[in-house]
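I have placed the structure first, in the form of structure tokens, so that the comments after it can refer back to it.
What follows is calculated from the coordinates using simple rules that are stated; it is not laboratory data. Because the structure is predicted, anything quoted here is derived from the model rather than measured. Here Cβ is always computed from backbone atoms with ideal geometry, including for glycine, and neighbour counts include all displayed protein chains.
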């Protein structure tokens, strides 16, 4: 991606406590609940606990955020943080390279969806905030940590990301590249669009009344639509040849494949359990990203009425 020198978004909330030296694993020129779409981070001192949480979540259809202190429906689980735990007012946004990259990608999604939503869906676009944090932070959907991975909280309309996730994406999930990182942001922005359209509130209400397997299946449709919306963004970004380079789209497709539910479950358990999928298989995630990318039309992303996901 040729991203440097482009407009950066002002919708960045930096809660990293002045930590402005960590580039989150990004290297210039590198190539080839809330609602997340990206797996819980496996790493750090709590690896045993995190793996147990993942297995329980998949076996019983439990939302992993609820086991880690938050609920993706936008309702907090358990008591709120103490006064000492509450985040202080966000400080000035760091200008390190990774932050500038994230700000630039967010700005590009703003510019494109400001035009696309009115044109294609007849709705004005409201820009979300993107919260950068390290280790833990508080959201209107509960406590977030590096183990939860990037997610969107519909209750406060903010995207949350610990930039250390990008190192995990590159090393553990074998999905390197700056456009793979951009895909992460575009996917979470896709959840914001679903929230604006009223899709998330409706789905969250339905999931509360369904048995686990049906609730999981509904979550899969949510995640695949967000993948498709990110593909629509990539379609229009690709039309500017000074922004997207050869191999960028392949990076996004590789990332979508690496974080499919089946791929992750096979890595951990050696086999997959489709009834426990909450984000979609690798093949589904790739196909729906490609659907959005090939059409460039958000109306092609109706994952709720199709029989074949």
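Points to keep in mind about this one:
- Ellipsoid semi-axes in whole angstrom, largest first, where each is sqrt(5λ) of the Cα gyration tensor of the stretch 95-135: 26, 11, 5
- Listing 218, 106 from fewest to most neighbouring C-beta atoms within 10 Å gives 218, 106.
- Distance between the pseudo-spin-label points of residue 269 and residue 246 (7 Å out from Cα toward the beta carbon): 4.3 nm.
- By DSSP, the beta bridges lying fully in the stretch 124-191 are antiparallel in about 65 percent of cases.
- Computed from the Cβ-Cβ distance with R0 of 25 Å, the FRET efficiency linking residue 120 to residue 208 stands at 0.25.
- Packing, as the average of other Cβ atoms within 10 Å across residues, places the peptides 224-235, 163-174 in the order 224-235, 163-174, highest first.
- From least to most packed, judged by other beta carbons within 10 angstrom and beginning with the fewest, 267, 134, 109, 278 follow the order 267, 134, 278, 109.
- For the pair residue 305 and residue 171, a Förster radius of 41 Å applied to the C-beta separation gives a FRET efficiency near 0.60, rounded to the nearest 0.05.
- Relative contact order (%) - criterion: Cα under 8 Å, at least six apart; region: the stretch 160-309: 30
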